[in-house]
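Engineer: What follows is a single structure, and I will ask about it in a moment.
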Amino acid sequence: MPVTFKPNVKKVLLATIFKIFGSLVGIIVLLLILHFTVGLDTFTQIPASLGITIQIDMTYLMLWILGIILIVSAVILLSTYTSIYNTYYEFYDNRFEYTKTNLAVFSNTKDISFENISKVTLGEQGFFDGIFNTGPVVIELAGLMEKEVSFNYMDDPLMVAQKIREIIRSWQLKKQAQYTEKHKIDGILERGGF
């Protein structure tokens, strides 16, 4: 039975909501600063100086802008949810398999042997990773076109990295024991058997 790791969907969505909320607050503050310093009517006066008359009610314009921002935010949340929800990493006896989904439709599954793993490290944590105790775990690869696999948004990334190292170390010990046993048997057979 494989050991499975999945990103924490709730924490990813919460971090995305905070980012969107911060962006919305920034846009609203920018619009208010523009409104109180130069006035939003300035944007209609520039075309008027070129002989183009535009009749725009700034209240409706701001409502449209906020509506578009909310729709884009909803699309970002939905795409983040679908891509993270269908992402998982499964570790078997001698390999690991990971599946990532892009745009809620395109699923990509890769199978990588433990022989191609050179190092397991922690990735660089962002601001929200520190707050939510999540972060990336990076598996560096050798002998493949792909140089690394990053497990993003892992809960307690240090514990996940240690668990992955233990799985790989267990595989290495089994492989070493098999190698040693094979050479013992070969040595006995070369000396004439029992």
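The values are calculated or read from the model by the stated rules, or taken from the named source; none is laboratory data. Model, not experiment: these values are computed from the prediction. Neighbour counts are summed over all protein chains in view; Cβ atoms, including those assigned to glycine, are modelled from backbone coordinates with ideal geometry.
Engineer: May I ask you to say which residue of Ile56, Ile68 is modelled with pLDDT of 70 or more, farther than 16 Å from Phe18 by Cα and among the β-branched types (Val, Ile, Thr)?
Structural biologist: None of the others qualify; the one that does is Ile68.
Engineer: Go through region 134-162 residue by residue and tally those that are closer than 22 Å to Val12 by Cα and touching a strand residue (DSSP E or B) at 6+ places or on another chain (Cβ under 7 Å).
Structural biologist: 18
Engineer: Quick test of your reading of the structure: Phe128 fulfils all but one of (1) touching a helix residue (DSSP H, G or I) at 6+ places or on another chain (Cβ under 7 Å); (2) within 13 Å of Phe5 (Cβ to Cβ). Name the failing condition by number.
Structural biologist: (2)
Engineer: Could I ask something else about it? Considering only region 125-172, state which residues are part of a strand (DSSP E or B), at pLDDT below 90 and β-branched (Val, Ile, Thr).
Structural biologist: Thr134, Val149 - these are the residues of region 125-172 that are part of a strand (DSSP E or B), at pLDDT below 90 and β-branched (Val, Ile, Thr).
Engineer: Taking interchain pairs and intrachain pairs at least six residues apart, which have beta carbon atoms under 6 angstrom, with the first residue in region 112-135 and in contact (Cβ under 8 Å) with a residue 60 or more places away in the chain and the second charged (D, E, K, R) and not in a helix (DSSP H, G or I)?
Structural biologist: Final answer for the pair search is Thr134/Asp155.
Engineer: Just to verify a result, which residue in region 3-21, among those that are over 12 Å from Thr80 (Cβ atoms) and touching a residue at least 24 places away in the same chain (Cβ under 8 Å), is surrounded by the fewest Cβ atoms within 10 Å (Cβ to Cβ)?
Structural biologist: Checked region 3-21; the qualifying residue surrounded by the fewest Cβ atoms within 10 Å (Cβ to Cβ) is Thr4.
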